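One structure below.
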Amino acid sequence: MKRLFLFLIFSISFLNRIRAQTDDFQWKQVAPGVWKAVVGAPETISPLGVAGIKPMTEALGKLGSPAFPSLLKESKNGLTDGKVYLRFPLERHEQLFGLGLNFKSVQQRGTIKTLQVDHYAGKDNGRTHAPVPFYVSDKGYGVLINSARYIKIYAGTTVRKDSKNPPPEMDRNSQRNWNPNPYSDAVEVLIPAPGTEIYVFAGKTAMEVVQRYNLYCGGGTLPPKWGLGFTYRTPTLFSDQQIIREVAEFEKKGYPLSFVGLEPGWQSHSYPNSFVWDPTRFPNPKQFLDNLLTKNIRVNLWINPYVSSRSPIFKSIQPYTASHTVWVGEVPDFNTKPARDLFKGLFTEQHINKGVSGYKVDETDGYDQWLWPDVAQFPSGFSAEQVRQTYGLQFQKISSDWFREKNTRTYGLVRASNAGASALPYVLYNDYYNHKDFITALCNSSFIGVLWTPEARSSKTSEEWLRRFQSVCFSPMAMLNAWADGTKPWTFPEVADQVKEVMQLRMQLLPYLYTTFAQYHYEGKPPVRAMNLIDGFTFEVKTNGAVLSSTDNPYAQATRSDIKDQYMFGDYLLVAPFFAGETSRKVVLPQGKWYDFYTGKIAGEGETIVVSQPEPGRIPLFVKDGGIIPMIPPMLHAPLKDQVLPLTVRHYGSIANSWDLYDDDGETFDFEGGAHSWTKLAVNKKADGSLEGTVKASPGNLFHYHAVNWEYMTPRP
């Protein structure tokens with residue numbers, strides 16, 4: 001009888017395990033085109049919770065109300081061994097994008113990742129600065145897993161026995177086309193937690209899915225206008241007077257500059273940090289900041305969050321820090337209110353009240369030997385893993401709130417982020433320095449609601465220097481980081497003029513860039529857009545031929561190719577960077593006619609073109625037919641709050657079109673209360689076939705442009 005009882009208990013337990021892995025999701029609509037399901041008991045900390053998202057319901061409604069994606073109705077979930085198991089079906093030719101900030105490839109189907117906040121180490125294995133657990137399908141849906149855990153994703157790699165589309169068994173001995181990676185029809189996910197939330201976002205296109213995700217997370221950030229100017233990070237031990245001289249040299253030589261970044265040496269003690277000014281290098285920080293502000297230059301401060309014994313808050317914060325240190329500094333637990341309050345008090349008094357405009361938040365990403373270990377304990381009771389997954393996100397949120405309380409916008413840099421970051425005014429960066437991979441990361445950032453910048457630091461040749469500068473000027477933050485070696489834009493005299501030209505072009509495009517970020521905020525459209533998000537773009541993922549090798553490639557695995565070296569910046573600009581050593585490159589043009597930005601001449605129509613290195617060393621830029629590009633004269637600094645400038649509006653191609661130009665004061669949050677304008681720039685075709693531009697301003701006076709001049713860049717045939 002006892003054996004029978006034990007057998008029954010074992011059988012019931014076994015059946016429960018099987019049943020746990022085959023449960024259907026119970027989806028509940030939480031916003032137009034957004035559904036949520038709960039599996040098990042979700043933990044009390046999550047990325048969306050830390051980010052404090054506030055969905056833009058009205059804007060979501062404007063995208064329509066699509067039905068729940070039919071493909072995902074067959075999704076399954078379960079709880080086994082204290083972990084969550086998820087399974088989402090895939091169609092045969094479906095493509096997947098997202099799954100964190102990747103640097104090597106854009107298309108992610110067929111990859112396996114453990115999504116973990118970490119310093120990027122050269123492999124797209126999930127350990128990255130923004131391991132956002134969100135993937136987007138070209139079939140018109142996206143899936144988000146709202147968990148602060150190290151999440152294992154099998155993105156179309158597993159083969160289940162109960163698959164409805166099983167791959168055929170093959171014989172390697174006799175079949176030359178034997179495939180080491182059999183066809184998989186599912187995304188499977190393992191989350192080491194007792195429960196989680198899952199969100200599904202629907203849309204007619206992949207772009208609409210991304211828009212819906214960004215809007216649900218609060219809309220994209222709208223930086224201050226100065227944040228879209230040029231920034232220069234000074235050598236780490238520079239004094240106030242050295243920085244003033246640097247700023248003066250930029251102005252004398254005619255190179256744009258809107259904000260400077262101070263590296264660790266601005267503090268009296270760093271690694272770990274005091275967070276107070278060094279009195280020998282900065283005897284009067286407010287006077288220094290005021291001096292720069294009179295020149296229309298803002299200041300950004302480098303920090304990492306680890307507290308030195310020399311910091312004024314050291315003793316007070318100790319009860320609210322982790323069991324382990326980083327660089328012998330106390331690790332504050334920002335999940336506790338006292339830790340947040342202590343940082344707010346010190347940073348407000350020492351920095352923000354004196355005129356500091358933002359932060360560069362370093363060392364929140366890893367490596368393992370530098371960050372706290374997973375065995376660390378935190379006073380909030382959350383695990384080291386959960387804190388690591390949300391630490392950079394947490395600091396973004398609390399620091400942006402400090403500035404919001406002052407009704408002033410900020411724009412900074414951070415090394416770690418996660419889901420829900422769309423509305424937070426920070427750009428990701430790292431110490432990695434591969435130019436081509438930087439551009440791939442730019443493309444990938446557009447799928448996951450984060451911003452990324454490919455900074456310039458140093459180069460071996462003048463050609464490389466120019467190519468890197470061109471890329472940074474067409475990214476979310478145009479930055480030269482000279483903290484280690486003091487490089488300047490003019491470090492290579494033979495390309496100094498070309499570097500200046502592209503920096504000036506960045507400033508000229510400010511009305512276009514600012515409106516592009518306004519679209520990010522109000523519509524959810526990312527400012528930088530991978531080609532796979534663009535209407536009329538088609539590109540099949542192909543596998544290159546594979547050569548069998550007993551050592552290098554024993555399974556003859558083919559390598560994938562996709563479009564990862566060009567992107568759209570806003571609605572109309574296609575950016576195709578050159579890299580050092582290249583004399584020509586291919587550019588894939590979406591459907592329709594495309595025109596050279598500089599000349600207005602037609603470049604191609606829905607085809608792949610080959611572009612030779614442009615002269616005089618310009619970055620290739622192409623404009624969509626009907627493209628409208630508003631520009632201002634070259635400026636050294638971002639416009640002042642009430643400054644009114646002449647506006648030139650370029651039109652490319654031959655079709656009539658209209659585009660709404662956005663404007664506000666460029667500094668405060670008053671735009672959220674309605675203090676902004678949308679001005680319709682329209683080009684109409686007259687009876688004789690010529691083009692005519694018109695400007696129709698919205699009510700209000702927040703339009704800082706006058707004397708609109710129209711330039712029709714494409715000659716009539």
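The values are calculated or read from the model by the stated rules, or taken from the named source; none is laboratory data. This is a predicted model, so every value here is computed, not measured. When we count neighbours, we look across all protein chains shown, and the Cβ atoms used for this are built from the backbone with ideal geometry, even at glycine.
What do you reckon, is A421 small (G, A, S) and either in contact with a Ser or Thr (Cβ under 8 Å, 6 or more places away or on another chain) or assigned to a helix (DSSP H, G or I) (or both)?
Against the criterion (small (G, A, S) and either in contact with a Ser or Thr (Cβ under 8 Å, 6 or more places away or on another chain) or assigned to a helix (DSSP H, G or I) (or both)), A421 does not qualify.
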Candidates K28, K76, K62, filtered to the one that is basic (K, R), modelled with pLDDT of 95 or more and over 30 Å from T390 (Cβ atoms)
K62
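Could you tell me whether Y359 is part of a strand (DSSP E or B), touching a residue at least 40 places away in the same chain (Cβ under 8 Å) and of a type in the set (S, T, Y)? Working first, answer last.
Working: part of a strand (DSSP E or B): yes; touching a residue at least 40 places away in the same chain (Cβ under 8 Å): yes; of a type in the set (S, T, Y): yes.
So Y359 fits the description; yes.
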Please state which of the following conditions T231 fails to meet, knowing it meets all the rest: (1) surrounded by fewer than 22 Cβ atoms within 10 Å (Cβ to Cβ); (2) farther than 29 Å from I45 by Cβ; (3) of a type in the set (S, T, N, Q).
(1)
What number of residues in the range 67-86 are surrounded by 18 or more Cβ atoms within 10 Å (Cβ to Cβ), touching a helix residue (DSSP H, G or I) at 6+ places or on another chain (Cβ under 9 Å) and not hydrophobic (A, V, I, L, M, F, W, C)?
3
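Every residue, every condition in (1) touching a residue at least 24 places away in the same chain (Cβ under 8 Å); (2) farther than 29 Å from F395 by Cα, yes or no:
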{"position": "V50", "(1), (2)": "yes, no"}
{"position": "T57", "(1), (2)": "yes, no"}
{"position": "G64", "(1), (2)": "yes, yes"}
{"position": "F68", "(1), (2)": "yes, yes"}
{"position": "E74", "(1), (2)": "no, yes"}
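Please pick out the residue among S422, S417, S400, S475 that is assigned by TED's automatic domain parsing to the domain that holds G366 and surrounded by fewer than 24 Cβ atoms within 10 Å (Cβ to Cβ). Lay out the reasoning, then the answer.
Numbers: S422 fails: surrounded by fewer than 24 Cβ atoms within 10 Å (Cβ to Cβ); S417 fails: surrounded by fewer than 24 Cβ atoms within 10 Å (Cβ to Cβ); S475 fails: surrounded by fewer than 24 Cβ atoms within 10 Å (Cβ to Cβ).
Matching residue, one of S422, S417, S400, S475: S400.
Residues that are more than 17 Å from the chain's Cα centre (by Cα): list the strands (runs of 3 or more DSSP E) wholly contained in the range 82-125 that include at least 3 such residues. Talk me through it step by step, then tell me what you get.
Details: elements: 83-89, 96-98, 111-117.
By residue number, 83-89, 111-117.
With respect to P639, is the statement that it is touching a residue at least 12 places away in the same chain (Cβ under 8 Å), under 29 Å from the mean Cα position of the chain (by Cα) and surrounded by fewer than 14 Cβ atoms within 10 Å (Cβ to Cβ) true? Walk me through it before giving the result.
Values: touching a residue at least 12 places away in the same chain (Cβ under 8 Å): yes; under 29 Å from the mean Cα position of the chain (by Cα): yes; surrounded by fewer than 14 Cβ atoms within 10 Å (Cβ to Cβ): no.
For P639, the condition - touching a residue at least 12 places away in the same chain (Cβ under 8 Å), under 29 Å from the mean Cα position of the chain (by Cα) and surrounded by fewer than 14 Cβ atoms within 10 Å (Cβ to Cβ) - is not met.
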Inside the range 656-679, can you point out the residues that are more than 17 Å from L510 (Cα to Cα) and either within 29 Å of the chain's Cα centre (by Cα) or at pLDDT below 95 (or both)?
S658, T668, F669, D670, F671, E672, G673, G674, A675
Among (1) over 23 Å from F537 (Cβ atoms); (2) of a type in the set (D, E); (3) without any contact (Cβ under 8 Å) to a residue 24 or more places away in the chain, E607 falls short only on (1)
Looking only at residues in the range 362-379 that are assigned to a loop (DSSP other than H, G, I, E, B) and of a type in the set (S, T, N, Q), which one is surrounded by the most Cβ atoms within 10 Å (Cβ to Cβ)?
T364
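Quick one: which residue in T44, T22 is modelled with pLDDT of 95 or more and farther than 22 Å from Q211 by Cβ? Before the answer, list the steps.
Working: T22 fails: modelled with pLDDT of 95 or more.
Selected residue: T44, the only one of T44, T22 that is modelled with pLDDT of 95 or more and farther than 22 Å from Q211 by Cβ.
Residues V209, V189: which one is of a type outside the set (G, A, S), modelled with pLDDT of 95 or more and out of contact with any Gly (no Cβ under 7 Å at 6 or more places or on another chain)? Walk me through it before giving the result.
Details: V209 fails: out of contact with any Gly (no Cβ under 7 Å at 6 or more places or on another chain).
Result of the check over V209, V189: V189.
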The correct count of residues that are farther than 15 Å from Y567 by Cα and either buried (at least 17 other Cβ atoms within 10 Å of the Cβ) or β-branched (V, I, T) (or both) in the range 612-622 is 2
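When the residues of the range 438-467 are filtered to those that are more than 14 Å from the chain's Cα centre (by Cα) and outside any loop (DSSP other than H, G, I, E, B), which remaining residue is surrounded by the most Cβ atoms within 10 Å (Cβ to Cβ)?
My answer is A456.
I'd like the full set of residues that are closer than 15 Å to E94 by Cβ and either part of a loop (DSSP other than H, G, I, E, B) or touching a Pro at 6+ places or on another chain (Cβ under 7 Å) (or both), limited to the range 137-152.
Answer for the range 137-152, where residues must be closer than 15 Å to E94 by Cβ and either part of a loop (DSSP other than H, G, I, E, B) or touching a Pro at 6+ places or on another chain (Cβ under 7 Å) (or both): D138, K139, G140, Y141.
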Checked the range 295-323 for anything assigned to a loop (DSSP other than H, G, I, E, B), without any contact (Cβ under 8 Å) to a residue 60 or more places away in the chain and surrounded by fewer than 20 Cβ atoms within 10 Å (Cβ to Cβ); matches are S309, R310, P312, S323
If I ask for residues that are under 12 Å from the mean Cα position of the chain (by Cα) and part of a helix (DSSP H, G or I), which ones from the range 514-535 would you list?
Y520
